[in-house]
Amino acid sequence: ALVVWKYDSVTGEAVSNAIFQVKYLGGTSGTGGTVIGTYKTSANGSFTVTGLKEGTYIVEELASDSGHVIDAAPQSFYFSCEDQDIVTLYFSNAPKGAVLVKKVSSADNSPLSDVEFLVARSDGSVVGNNNGKFVTDSTGTFLVEGVEPGTTLVIKETRAKPGYLLDNTPQTVQVQEGQTVTVEFRNQPMGNLIIHKLSSKDNTPLEG
């Protein structure tokens, strides 16, 4: 039998719903081979293939779950078909990262909601399902999740909250595996001008 285990390279936790392909290469190692089947890891991060005949096999990950990236090379092994012969292989995957963007007032550090941002990769391709558009919530934040480790994101404010100046200087951040990186933007509140119109004789207010 063949037993394959899939785990998170940072936490060591089991990763389910990862898809693997098993090929039979014959008596010697090499490329190509015959596909035995495709298999998906269970809730405990493993799958088992039984009834294998003697020979060399190769196991390759085809797809990971939505929270990880495939960064493990295919593994090959020789199965001798002796009684109770079990081969166990381990595959690790790096977890994807996230970026938390915070928007606050430079006057009192209060959170600013309804501020619009554009988030793109360094190659110009946008992130997310809304053409790269993200808007801060009532806590003055938004989260960009499921980003592959090593990706550089460019974050730029495109629309400020009414009463605040737009900060159009973009910030760049590199996503780390399994981590949430925080980026903070600060907005300067606009000032107010009040005009009083008075009579030069007795300083009474003049309407209209």
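If you count the DSSP beta bridges with both ends in the chain, what percent of them are antiparallel, to the nearest 5?
So the antiparallel bridges amount to about 75 percent of the total.
If the chain between Ser200 and Ala107 were fully stretched, how many nm would it gain, using 0.36 nm times the residue separation less the Cα-Cα distance?
Difference between extended and current length: 29.7 nm.
Given a Förster distance of 30 angstrom, what is the FRET efficiency for Ala14 paired with Thr158, based on the Cβ-Cβ distance and rounded to 0.05?
0.15
Take Ser122, project a point 7 Å from its Cα along the Cβ direction, then tell me which residues of segment 166-183 have their backbone nitrogen under 12 Å from it.
In segment 166-183, the label zone of Ser122 (backbone N under 12 Å from the point 7 Å along Cα→Cβ) covers 172-175.
If you filter segment 1-75 for GluC sites (Glu not before Pro), then keep DSSP loop positions with at most 13 other Cβ within 10 Å, what is left?
Within segment 1-75, the qualifying GluC sites (Glu not before Pro) (loop, at most 13 other Cβ atoms within 10 Å) are Glu13, Glu54.
Give the residue list of GluC sites (Glu not before Pro) in segment 101-208 that are DSSP loop and have at most 13 other beta-carbon atoms within 10 angstrom.
Here the GluC sites (Glu not before Pro) that fit, given the DSSP loop and packing criteria, are Glu207.
For segment 110-208, what relative contact order do you get, as a whole percent, if you take Cα pairs closer than 8 Å and at least 6 residues apart?
It rounds to 23 percent for segment 110-208.
How high is the FRET efficiency from Ser138 to Val181, r the C-beta distance, R0 22 Å, rounded to 0.05?
Efficiency, rounded to the nearest 0.05: 0.50.
Of Lys102/Lys156; Lys40/Lys133; Lys133/Lys161; Lys103/Lys133; Lys6/Lys96; Lys96/Lys156, which ones are farther than 24 Å apart at the Cα?
Lys40/Lys133
If the cut-off is 16 Å between C-alpha atoms, which aspartates and glutamates fall inside it for Lys53, apart from same-chain ones fewer than 8 positions away?
Cross-link targets: Glu82, Asp83, Asp85.
Taking Rh as the Kirkwood radius computed over C-alpha pairs, what is the Stokes-Einstein D of the chain at 25 °C in a medium of viscosity 0.890 mPa s, expressed in µm² per second?
115
Checking the cross-link filter: which aspartates and glutamates have an alpha carbon closer than 18 Å to that of Lys197, excluding same-chain neighbours under 8 positions apart?
Glu207
So the label point goes 7 Å from the Cα of Thr50 along Cα→C-beta, right? Which residues of segment 68-112 then have their backbone N under 18 Å from it?
Counting only backbone N, you get 80-89.
For segment 1-112, give the magnitude of the charge dipole about the Cα centre (Cβ charges: +1 Lys/Arg, -1 Asp/Glu; no others), in debye to the nearest 20.
440
Sort 193-205, 119-131, 97-109 by packing, meaning the average of other beta carbons within 10 Å per residue, with the highest value first.
Going by the mean number of other Cβ atoms within 10 Å, highest first, we get 97-109, 119-131, 193-205.
Obtain the nm distance between the two label points defined at Tyr90 and Asn131 by a simple spin-label model: each point lies 7 Å from its Cα along the Cα-to-C-beta direction.
The answer from the label model is 4.8 nm.
No lab work stands behind these numbers, since they all come straight from the coordinates. As the structure is a computational prediction, the values presented were derived from the model and not from experiment. FYI the Cβ positions are ideal-geometry reconstructions off the backbone, even for glycines, and counts take in every protein chain you see.
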